[in-house]
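The values are calculated or read from the model by the stated rules, or taken from the named source; none is laboratory data. Computed from a predicted model, the values in this text were never measured in an experiment. Every residue, glycine as well, gets a Cβ built from its backbone with ideal geometry; the counts of neighbours run over all protein chains shown. Note: accessible area is taken over every heavy atom of the protein model, side chains too, but ligands, DNA and RNA are not part of it. Shrake-Rupley method; radii C 1.70, N 1.55, O 1.52, S 1.80 Å.
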Amino acid sequence: PKTGLPISTYFSAVKLRWLLDNVEEVRRAVEEDRAMFGTVDSWIIWCLSGNTDGGVHITDVSNASRTLLFNIHTLDWDLELCRYFDVPMDILPKVRSSSEIYGCMKSSSLSGVPISGCLGDQSAALVGQMCFKEGHAKNTYGTGCFLLRNTGSKPVKSEHGLLTTVAYQLGRDQPACYALEGSVAIAGAVVRWLKDNMGIVKSTAEIEKLAAAAGSSYGCYFVPAFSGLYAPYWEPSARGIICGLTQFTNKNHLAFAALEAVCFQTREILDAMNQDSGVPLDQLWVDGGMTSNRLLMQLQADILCIPVVRPTMAESTALGVAMAAGAAEGVNVWDLTTDHLPQVVSETFVPQINPNESEFRFSRWKKAVQKAMNWETIEPASLSNGLEKKMKGPPWGVLPSPPPNRADP
């Protein structure tokens, strides 16, 4: 109720608690008042504003709301939550709005330039898509998928597995705006898996050609729960499966099923948002690298049964934080009030299949998801001790670390 989040290793407080419990250098530094803690934005701003020479230790409301230590109602660190995780409040950054001057660049050719915008990744995309009205929603297709819906000046508690988060606060004297968020762990990463792990495609662009050649998955369904399932299930025991295979199935069908998987996961989150808000979404704004795949965008419109709107400039995250920085008091490069927003050039994908067909395919997907559930579980104690002693490798239910990806730098 305080944070809008479930307890999960996805969020910062649990990571910090682990460091304090397991890394002696960190624990000693905290005890000796030599440590500060923050999210990535805090580190960047601290470095840019001078580091140990007067660096500013701050974060904004959108990033703070993803730590499990922040009260999204009072817009400040919560004493009870900090005590629960046993985190000293004095190591946390000061919380500021998303659009104000925090300090200035300390060195390089940008010395003296104000640092005036700070937003969490998905909040920045919401601003970049200009989803400033209650009910507007956007989906960012990157390594994962993140769907945010603007819920206005009051947080909406989710009853269907979504997160309640602070979307942005555009000025220290402005009210905070809240959002419902659904996170999909694997989106663009499934294409990378097909390329790097399976060798089915040679480049990420090739998947669109393979999928288009198939035109359908022909009953093949792919649930890429490589690291469990996020919203709306929050089920860490799930694992990836490919089902519905026949002798007819080939790599083209698998490519199509992978793209459909991204769309089905988005559909699950959108359905949860519609139930939480009580008002069905009539169109979805999209951004991110995967939106260059036209087949994916058409599949998304077909599976959602609503139009999908893609701006010509897909990097909405970078645009959103630039908008916040330029609108800050004292910078005033532009105005983000509704009357002054520019017209965004975009392309709209409209559904092209019968809604009944869409519902049938989605129901089969949900059947596949159930098959993926509860896969990675501890084996029952009925295993004979002799068999357990013969087993080599990690304990039951514990996965070994994967080998390093040699394609990574």
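Computed values, structure above
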{"read-out": "Sites matching chymotrypsin sites (Phe, Trp or Tyr not before Pro) across segment 242-343 that sit in DSSP coil, with at most 10 neighbouring C-beta atoms within 10 Å", "value": "Phe248"}
{"read-out": "Per-residue SASA entry for Leu295, accessible area with 1.4 Å probe, Å² rounded to 10", "value": "40"}
{"read-out": "Integer Hz, Karplus 6.51/-1.76/1.60 couplings in order for segment 343-352, x for Gly and Pro", "value": "7, 8, 7, 8, 10, 10, 9, 9, x, 10"}
{"read-out": "Cα shape, segment 210-309, gyration tensor, a/c 1.5 rule", "value": "oblate"}
{"read-out": "Accessible area (Å², 1.4 Å probe, nearest 10) - Tyr218", "value": "130"}
{"read-out": "Distance histogram for segment 294-375 (every C-alpha pair counted, 5 angstrom bins, percent rounded to whole numbers)", "value": "3, 12, 14, 14, 12, 11, 11, 9, 7, 5, 2, 0"}
{"read-out": "Interchain or long-range residues, amide H under 5 Å from Gly152's placed H", "value": "Gly135, Tyr178"}
{"read-out": "The chain, Rg to Rh (Cα coordinates; Rh as Kirkwood inverse mean 1/r)", "value": "0.99"}
{"read-out": "DSSP bridge pairs, the chain: antiparallel proportion in percent, nearest 5", "value": "75"}
{"read-out": "Stokes-Einstein D (µm²/s) once Rh is taken as the Kirkwood radius of segment 112-207 over alpha-carbon pairs, at 20 °C in 1.002 mPa s", "value": "141"}
{"read-out": "Given the chain, longest segment not containing exposed loop GluC sites (Glu not before Pro) (DSSP; at most 11 other Cβ within 10 Å)", "value": "160-409"}
{"read-out": "Too-long pairs where the Cα-Cα distance tops 30 Å, listed order kept, from Lys138/Lys366; Lys195/Lys371; Lys94/Lys133; Lys15/Lys209; Lys157/Lys366; Lys15/Lys94", "value": "Lys15/Lys209"}
{"read-out": "Nonlocal amide H pairs with Ala187, under 5 Å, H built at 1.01 Å", "value": "Gly144, Cys145"}
{"read-out": "Accessible surface, the chain, averaged per residue in Å² (probe 1.4 Å)", "value": "50"}
{"read-out": "Whole-Hz ³J(HN,Hα) from phi, Karplus 6.51 cos²θ - 1.76 cosθ + 1.60, for segment 60-66, glycine and proline x", "value": "10, 4, 5, 6, 4, 6, 10"}
{"read-out": "Test item: Cα-centred dipole of the chain, Lys/Arg +1 and Asp/Glu -1 on Cβ, debye", "value": "1280"}
{"read-out": "Long-range HN-HN contacts of Asp60 with modeled amide H, under 5 Å", "value": "Arg96"}
{"read-out": "Percent accessible area from carbon and sulfur atoms, the chain, protein chains only, probe 1.4 Å", "value": "55"}
{"read-out": "Inter-probe distance in nm under a simple model that places probes 7 Å from Cα toward Cβ, at Trp18 and Ala213", "value": "4.1"}
{"read-out": "Most positive-pole-ward Cα, Leu299, Leu210, Leu81, against dipole of the chain from beta carbon charges", "value": "Leu210"}
{"read-out": "Estimated FRET transfer efficiency when R0 is 60 angstrom, pair Gln174-Thr246 (beta carbons, to 0.05)", "value": "0.60"}
{"read-out": "Check: segment 91-249 dipole with +1 on Lys, Arg Cβ and -1 on Asp, Glu Cβ, in debye", "value": "220"}
{"read-out": "Residue (of Gln352, Ala258, Val184) at the positive-pole extreme of the chain, dipole from beta-carbon charges", "value": "Ala258"}
